[in-house]
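I have placed the structure first, in the form of structure tokens, so that the comments after it can refer back to it.
The values are calculated or read from the model by the stated rules, or taken from the named source; none is laboratory data. These figures come from a predicted structure and were not determined experimentally. Using ideal geometry, Cβ is built from the backbone for each residue, glycine included, and neighbour counts are taken over all protein chains shown.
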Amino acid sequence: MQVRDAMSKQVLVVGPEHTLRQAASMMATRRVGSAVVIDPDAQGIGIMTERDVLYAIGGNLDPDVETVGGHITWDVVYAGPDWTLEEAALAMSRGGFRHLVVLEGTEVIGVVSVRDIMRVWAADRERV
């Protein structure tokens with residue numbers, strides 16, 4: 001199975017100027033654990049995860065004042081849609097993260113999470 005079989009195609013995109021509360025609210029509404037961050041003034045595509053929000057709030061930062069721009073992970077590992085799920089799981093394990101932004105060329109086409117991989121693998125096991 002490939003990343004394209006498990007990835008979520010509904011990608012939440014936020015800007016660096018959004019507050020953490022706004023981003024967290026959008027993530028909760030969509031029931032996703034990450035948001036892709038596109039900052040036209042920065043290089044590349046970043047990601048902000050529920051863990052980033054948790055660390056900020058746990059560090060007593062004000063989610064109504066803190067912006068996404070201060071909590072972006074720029075050191076992102078991008079997956080290709082043709083990657084196997086095993087390759088994606090290995091990349092996550094090696095990097096210590098739970099989400100991969102999926103790119104086709106330079107276009108974001110999805111996000112794959114550990115939960116997505118587990119869902120697809122479990123469904124495949126049920127068919128056997």
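Data overview
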item	result
Total residues in region 80-126, condition closer than 16 Å to Arg4 by Cβ, surrounded by 12 or more Cβ atoms within 10 Å (Cβ to Cβ) and in contact with a Lys or Arg (Cβ under 8 Å, 6 or more places away or on another chain)	5
Breaking point among (1) surrounded by 15 or more Cβ atoms within 10 Å (Cβ to Cβ); (2) modelled with pLDDT of 95 or more; (3) more than 13 Å from the chain's Cα centre (by Cα), for Ala35	(3)
Members of region 14-55 that are among the hydroxyl-bearing types (Ser, Thr, Tyr) and more than 17 Å from Val111 (Cβ to Cβ)	Thr19, Ser25, Tyr55
First in region 93-115 and within 15 Å of Val37 (Cβ to Cβ) and touching a residue at least 60 places away in the same chain (Cβ under 8 Å), second anywhere and polar (S, T, N, Q) and assigned to a strand (DSSP E or B), Cβ under 7 Å, 6 or more apart	His99/Ser34; His99/Thr49; His99/Ser113; Val111/Ser8; Val111/Ser34
Unique residue being small (Gly, Ala, Ser) and at positive phi when the list is Gly95, Gly59, Gly44	Gly44
Search result, residues across region 23-81 that are of a type in the set (A, V, I, L, M) and out of contact with any strand residue (DSSP E or B) (no Cβ under 8 Å at 6 or more places or on another chain)	Ala24, Ala28, Ala42, Val53, Leu54, Ala56, Ile57, Leu61
Flag for Gly44 being among the small types (Gly, Ala, Ser), free of Cβ contacts under 8 Å to residues at least 60 places away in the same chain, surrounded by 13 or more Cβ atoms within 10 Å (Cβ to Cβ) and out of contact with any Lys or Arg (no Cβ under 9 Å at 6 or more places or on another chain)	yes
Region 18-28, residues that are surrounded by fewer than 14 Cβ atoms within 10 Å (Cβ to Cβ) and either in contact (Cβ under 8 Å) with a residue 40 or more places away in the chain or over 15 Å from the mean Cα position of the chain (by Cα) (or both)	Ser25
